[in-house]
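Worksheet: the structure to be examined is printed underneath.
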Ligand SMILES: [Zn+2]
């Protein structure tokens, strides 16, 4: 792990430039976790508009260690969720020995420093993944907030390297409005709650916000989980008592008729297809 007084920190960057204040904030969190300090670190230096930075990679081992050593369930959950958001937003996966965007940094500090920093980031993701069972148990016992539960599922998916599912769940984080793409005609398919709430979700040709009067196409819910990910999500949502996604999953894994071209389509692959990385 990069020592907090290493001069490399001054050469790392966050969304607004230099990351030289990051070691100070990490040190404060190590002494005593504070939500205010963590929010400043996360928002000012580590994450902005689904993008992560060199400072994010360097800070991750500290956050993972904090998550693994704290006895405070709320702190562990907070770190698990936010590190999961970071990992879900990492778009340079499987790039060895380090992400291509670090070339300039490598020229300045040497490629072995970059390689080491990248290895330690990957290791910290393994550590966070090892907390999954604990966090799921804590959330099942203590949380009543479906949005928070959804973010735990997003982090879990990211740590399992199921990046597409993590990003899909994060993009549609309100939890009841999805946009898929028809594989036959490439038109968007709006997956929204039925206006009478008789069934959780139906398919629409136009955005129902702008087109309230349009034909709703029924979705035939799945009766078995044919996709590994929907199976895992069904198991997880049941375990942690999450209600919203749980009710929607059979429909997201179901079949419908494309409102534009009338082709029969499977919703889940159509939903994930716009997130292929
Ligand atoms: Zn179509």
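Each value in this text was obtained by applying a stated rule to the coordinates, not by laboratory testing. As the structure is a prediction and not an experimental result, all values here were calculated from the model. Methodologically, a virtual Cβ is constructed for each residue, glycine included, from the backbone with ideal geometry; neighbour enumeration extends over all protein chains shown.
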Handout entry: Selection within segment 257-277 - under 20 Å from residue 164 (Cβ atoms) and either within 10 Å of the ligand (Cβ to nearest atom) or touching a strand residue (DSSP E or B) at 6+ places or on another chain (Cβ under 9 Å) (or both)
Key = 265, 266, 267, 268, 269, 270, 271, 272, 273, 274
Handout entry: Flag for residue 69 being farther than 19 Å from residue 118 by Cα, without any contact (Cβ under 8 Å) to a residue 60 or more places away in the chain and out of contact with any helix residue (DSSP H, G or I) (no Cβ under 6 Å at 6 or more places or on another chain)
Key = yes
Exercise for the section: Would you confirm whether any residue within segment 41-53 is in a helix (DSSP H, G or I), within 24 Å of the chain's Cα centre (by Cα) and surrounded by fewer than 16 Cβ atoms within 10 Å (Cβ to Cβ)? Expected result: yes
Exercise for the section: Count, please, the residues in segment 234-255 that happen to be within 28 Å of residue 185 (Cβ to Cβ) and in contact with a helix residue (DSSP H, G or I) (Cβ under 6 Å, 6 or more places away or on another chain). Expected result: 5
Practice task
Go through segment 156-171 and give me each residue that's within 18 Å of residue 244 (Cβ to Cβ) and surrounded by fewer than 18 Cβ atoms within 10 Å (Cβ to Cβ).
Solution key: 171
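Residue-by-condition table, conditions (1) crowded, with 20+ Cβ neighbours inside 10 Å; (2) assigned to a helix (DSSP H, G or I); (3) more than 17 Å from the chain's Cα centre (by Cα); (4) touching a residue at least 60 places away in the same chain (Cβ under 8 Å):
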position: 38; (1), (2), (3), (4): yes, yes, yes, no
position: 55; (1), (2), (3), (4): yes, yes, yes, no
position: 62; (1), (2), (3), (4): yes, yes, yes, yes
position: 112; (1), (2), (3), (4): no, yes, yes, no
position: 133; (1), (2), (3), (4): no, yes, yes, no
position: 138; (1), (2), (3), (4): no, yes, yes, yes
